[in-house]
Structure formats: structure tokens, C-alpha cells
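Data block below; observations after.
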Amino acid sequence: MKTLAYTALYREWRPKNFEDVVGQEHITTTLKNQIQNDRIAHAYLFCGTRGTGKTSTAKVMAKALNCLNPVNGEPCNECEMC
């Protein structure tokens, strides 16, 4: 199998934690608080126009929920789940 000599920009620059998500502070603060307080809803709907951070926020949230050592609602980015 041939290895690629490049990394897609979205993979390299996608936010790794809630703090890195730009322009959605009210959303990321709410999600972090829900994770910290263990008050997770059974479903979340991320909607909005293109480029607003829906996928990035959802990926960070999934990482934070599955993280073995979360820090203040943020994923540790060090454990095997992250």
C-alpha cells in the first residue's frame, strides 16, 4: 500500500479541544459544562451554515465524552481513546 506524502489541511488544523474552536464560545462552554457535570443529553443536533464548526465541535465532544482522563470537560489528547 502506498503512503501519502501529504496531510489534508482539515486533518492538521482541525481543533483538538473546545478551546481551539473559534467563534462558538457560548456553545463550547455549554458543552464543557455538561460534560463536567455529567449531564449529557441523549442526542445533539449540530446545524448551521457551512464552515461554522459543526463537525469540529462534534468531533471534540465525542473525544471528550470517550476520554479516559478528561480535564475540566476537555479531552486529554493523550489517552488511547483520544
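The values are calculated or read from the model by the stated rules, or taken from the named source; none is laboratory data. Just so it is clear, the model here is predicted, and its values are computed rather than measured. Positions of Cβ are generated from backbone atoms using ideal geometry, with glycine treated the same way; all protein chains shown enter the neighbour counts.
Miscellaneous remarks
- Some residue of the range 21-38 being buried (at least 16 other Cβ atoms within 10 Å of the Cβ), in contact (Cβ under 8 Å) with a residue 24 or more places away in the chain, among the aliphatic types (A, V, I, L, M) and touching a Ser or Thr at 6+ places or on another chain (Cβ under 6 Å): yes
- Picking from residues in the range 39-56 that are among the β-branched types (Val, Ile, Thr) and surrounded by 10 or more Cβ atoms within 10 Å (Cβ to Cβ), the one that is farthest from residue 13 (Cα to Cα) is 40.
- On inspection, residue 30 qualifies as out of contact with any helix residue (DSSP H, G or I) (no Cβ under 8 Å at 6 or more places or on another chain), on the phi < 0 side of the Ramachandran plot, among the hydroxyl-bearing types (Ser, Thr, Tyr) and modelled with pLDDT of 95 or more.
- Selection from the range 63-82 of residues that are more than 11 Å from residue 18 (Cα to Cα), out of contact with any Cys (no Cβ under 9 Å at 6 or more places or on another chain) and surrounded by 12 or more Cβ atoms within 10 Å (Cβ to Cβ): 65, 71
- Test: residue in the range 61-71 that is of a type outside the set (Gly, Ala, Ser), assigned to a strand (DSSP E or B) and at pLDDT below 95: yes
- The lone criterion from (1) outside any loop (DSSP other than H, G, I, E, B); (2) modelled with pLDDT of 95 or more; (3) hydroxyl-bearing (Ser, Thr, Tyr) left unmet by residue 44 is number (1).
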